[in-house]
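Scroll down for the structure; my scribbles are underneath it.
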Amino acid sequence: MKTNLYLPTLLAVIIQVMVNGQTPGNQITQIRKTLISTESSIVNVTYTMKSTTLELPALLKQAKELNTTMQEFKHAAKIKTGDEKKELIIEALFFEKQFVLKQIEISELLAKDTYQKLYQNRNYIGVLLKSIKDDDYTSNLATNLNSEAEKYIRMAKEMREEAYSQPNNVAKLGNMTNAEDEEIVALNKQQQVFDIIERVNPKVSVR
């Protein structure tokens with residue numbers, strides 16, 4: 001049967017996934033930012049953040065290979081009939097499931113860095129808000145935006161928690177994808193806080 005022509009591809013991808021999966025642990029990088037809150041007072045804040053630099057490219061490559069192979073089986077199944085068609089469809093479904101699992105793994109990895117950044121931004125904002133407490137307008141505006149950011153963080157966390165209660169991986173990935181959208185909004189809101197404070201208060205800069 002011509003189905004056998006696809007077996008080398010199947011084996012190659014499985015081997016590639018196994019090899020690429022043996023990546024080193026997350027590289028630990030030190031992220032240092034200096035907040036200058038007044039002309040004479042400097043506040044140094046140091047954070048440790050796990051970097052996805054090493055793991056993410058490998059996972060993305062694996063996901064791409066799984067998706068490509070899945071599409072190849074689906075395409076081949078369209079022009080076959082009978083048992084051969086059924087076998088090709090089974091293979092396509094196998095790779096589709098593996099592709100979804102890989103996307104879930106990618107989302108989980110990205111979430112580690114995303115929440116690290118969200119929480120470090122939260123701390124920076126806390127310091128900056130104290131530095132502008134005498135400026136009611138800027139303080140209120142920044143506080144409101146920060147509250148919105150916190151709301152989106154809570155929503156995203158709830159979505160990720162709900163993802164693990166889903167009956168299948170496709171639904172799980174759907175919840176995670178929705179959570180990623182909320183996380184992006186939260187990061188954007190936090191960035192708006194930084195932008196507003198820097199724009200209206202020349203004594204404050206975030207570097």
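Output ³J(HN,Hα) for region 56-63: one whole-Hz value per residue in order, computed from phi by the Karplus curve 6.51 cos²θ - 1.76 cosθ + 1.60 with θ = phi - 60°, and x for Gly and Pro.
4, x, 5, 5, 5, 5, 4, 4
What residues have an amide H closer than 5 Å to that of Asp135, excluding those fewer than 5 places away on the same chain, when H is modeled at 1.01 Å from N in the peptide plane?
Amide H neighbours of Asp135, under 5 Å, 5+ apart: none.
Which entries in the list Lys130/Lys151; Lys97/Lys151; Lys102/Lys151; Lys61/Lys189 go over 26 Å, if you measure between the two C-alpha atoms of each?
Lys97/Lys151; Lys102/Lys151; Lys61/Lys189
Read-outs throughout are calculated quantities, based only on the coordinates presented, and are distinct from any laboratory measurement. These numbers come from a predicted model, not from an experiment.
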